[in-house]
Each structure stands twice: as structure tokens, then as C-alpha cells.
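Data block below; observations after.
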Amino acid sequence: MQNPWDANLYQEKHSFVWQLSDDLLNLLAPQPGEYVLDLGCGTGQLTQKIADQGASVIGIDADPTMIAEAQRQFPQLTFVVADARHFTLPSPADAIFSNAALHWIPEQTDVAARMIAALKPGGRLVAEFGGYGNIATVLAAIAQARQALDLGSFPASPWYFPSISAYTGLLEEQGFEVQFARLYDRPTPLQGEDGLLNWLQMFATRFWADLSSQQVQDLLPKVVAIARPDLYKDNQWWADYRRIQVIAYKSL
Ligand code: BEZ
């Protein structure tokens, strides 16, 4: 992951990351005794939910502050700092679960190669992350605000938001059999009047890393003002999330 994470801000203001994940957990349907990898586990809330269903689970995340917080909150579980592009497991897994993590890694061919190597034959991948068109309104508002303030061109996006065909094709090239994939809009509520501002400061600092603090102070309110007609509804901020959800198997 490329953003310097603030595990406290993540924990306090962005709990929707794991609270909206029951659907994905239902797709995983972990069974007692299964060995499950939670790939990009963040602060570990979903890792715990998987363990609650009787599976033996390991959580990995590239960010040491996230893993430290996960281990503090769930000391009985196993968490390891590891990069999804290079990880190995102590033994092959029955399932890999990944929520809201894969879009941080452009090198998805490497990740898919590691995932299939980490699964038992017949093992499954159940993943959800940002899909094609994700947060298009937020990104357009940042671009428009930079342009309006004459702050130069829009820095490249750090995120991987693939179409169904791009991602399932990539999985198939690595040997997965894709059983299910969908791309769907999931408008996501952001907490409080500063919801969008907090989201930007948590996730999008890359888009103003080249600017002075004064320029950033001018930019952020402008981004918020531009996005407001589209993303502030019924006294609530909404991020225009669009997710890709996938179930794929390693052949027997
Ligand atoms: C997402 O969950 O879709 C997301 C989160 C942070 C940055 C970009 C996308």
C-alpha cells in the first residue's frame, strides 16, 4: 500500500470498510476447521469475524501500523506484515478472503500468482475491491479543483480499478477458474459533516503530495464544494464506490 496510513483515523472514521462486508463474508462461508488467509486485513475486524465462524485464520497486511493495531485488538489471532506481491504461507490455505485491499496494488499479476500458489487444489478466492469507475466523482472533483486553482495536472492514480473482463482474464491466466464476478455500485456513507474531507485526508493524499500546505488548504475545500451537489444527499456524504466481487477456484 502506498498511502501512509493513520490507523486511528482509519479505525474511527472509516469503519464502513469492514461494516459493509457481511455480504462478502456470506460468499466466503468459512467452515469450521478451514485455514483462511485474510489478505490485506487492515485492523483485523473481518479476520476476527472469520475466526468467529470456526476457521483458523491468518491476517496479512503490508502496513505495520495496521498489523500492530490488529494484533492489539485481537491478540488471540495471527497477524503478519507481508506484501501481497511476495507473500508465502506456512501451509496451503482452503480459502483466501480479501476486502477493500487489492485496489491498492497495481501489480495484480504478481498478486494472483502468489494467491494461487498459496491455495490448496480446490481452494477458493473470495475478493471484493474497487472496480472500474470507482470513485469517479471524487476523482473528477480533485482534477477540477486542481485545474480551477491552476495547480497543474492531475497526478497518476495509484489504484487498480479493473473491469470484470480485465480482472477475471488476469485470474484465468494465473490458473484460476472464475465462478462468479460482478461489478456493482455501492454508494458508501461517510460519517459526519466532514465525511468527504476525512476520506480525502485518509486515502487521497497522493493527489496533492506535490503541493505546499497553503495550496492544500485552498484545494481541499474546493474539492469538497465541487463534489457536494453529487455526493451530499439527505444530510449525508456518500462516496461513489463501485465494487468488483469475485469468486474463483484453484483447479483440483
Ligand atoms: C475503495 O475502497 O474503493 C477505496 C478506498 C480508498 C481509496 C480508493 C478506493
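The values are calculated or read from the model by the stated rules, or taken from the named source; none is laboratory data. This structure is a prediction, so every number in the text was calculated from the model and none was measured. Note that each Cβ is placed from the backbone with ideal geometry, even for glycine, and that neighbours are counted across all protein chains shown. Note: areas computed on protein heavy atoms with side chains; ligands, DNA, RNA excluded. Shrake-Rupley method; radii C 1.70, N 1.55, O 1.52, S 1.80 Å.
Descriptive notes on the structure:
- Ordering Ala113, Phe79, Gly123 by Cα displacement along the dipole of the stretch 75-126 toward the positive end leaves Gly123 in first place; charges were set at the Cβ atoms of Lys, Arg (+1) and Asp, Glu (-1).
- Tilt relative to the chain, helix 164-173 - C-alpha long axis, 0 to 90 degrees, to 10: 40 degrees
- When the Gaussian network model of the chain links Cα atoms closer than 10 Å, the mean-square fluctuations of Gly42, Gly169, Gly123 top out at Gly169.
- Solvent-accessible surface of the stretch 150-242, averaged per residue with a 1.4 angstrom probe and all protein chains in place: 53 square angstrom.
- Accessible area in the full protein assembly, largest first, 1.4 Å probe, for His86, His103: His86, His103
- Heavy-atom accessible surface of Lys233, to the nearest 10 Å², is about 90 Å², with a 1.4 Å probe and all protein chains retained.
- Helix 108-118 vs. the chain, principal-axis angle (Cα, 0 to 90°, nearest 10): 30 degrees
- Applying a DSSP loop filter and a limit of 16 other Cβ atoms within 10 Å to the trypsin sites (Lys or Arg not before Pro) in the stretch 82-160 leaves Arg85.
- Top positive-direction residue, dipole computed over the chain with Cβ charges, set Gln174, Ala70, Gln236: Gln174
- Accessible surface of Val80 - all protein chains present, 1.4 Å probe, nearest 10 Å²: 60 Å²
- Taking the accessible area of the chain, probe 1.4 Å, and keeping the other protein chains in place, the carbon and sulfur fraction comes to 50%.
- Value of [θ]222 nm, deg cm²/dmol, for the chain, DSSP H segments ≥ 4, -39500 (n - 2.57) each, nearest 500: -11500 deg cm²/dmol
- Loop chymotrypsin sites (Phe, Trp or Tyr not before Pro), the stretch 184-252 (other Cβ atoms within 10 Å of the site Cβ: 12 or fewer; DSSP): none
- For the chain, built as a Gaussian network whose Cα springs stay under 10 Å, the top-fluctuating residue of Pro90, Pro32, Pro162: Pro90
- Folded to 0 to 90 degrees: helix 136-148 orientation relative to the chain principal axis, Cα: 30 degrees
- Average accessible surface area per residue within the stretch 18-82, 1.4 Å rolling probe, Å²: 40 Å²
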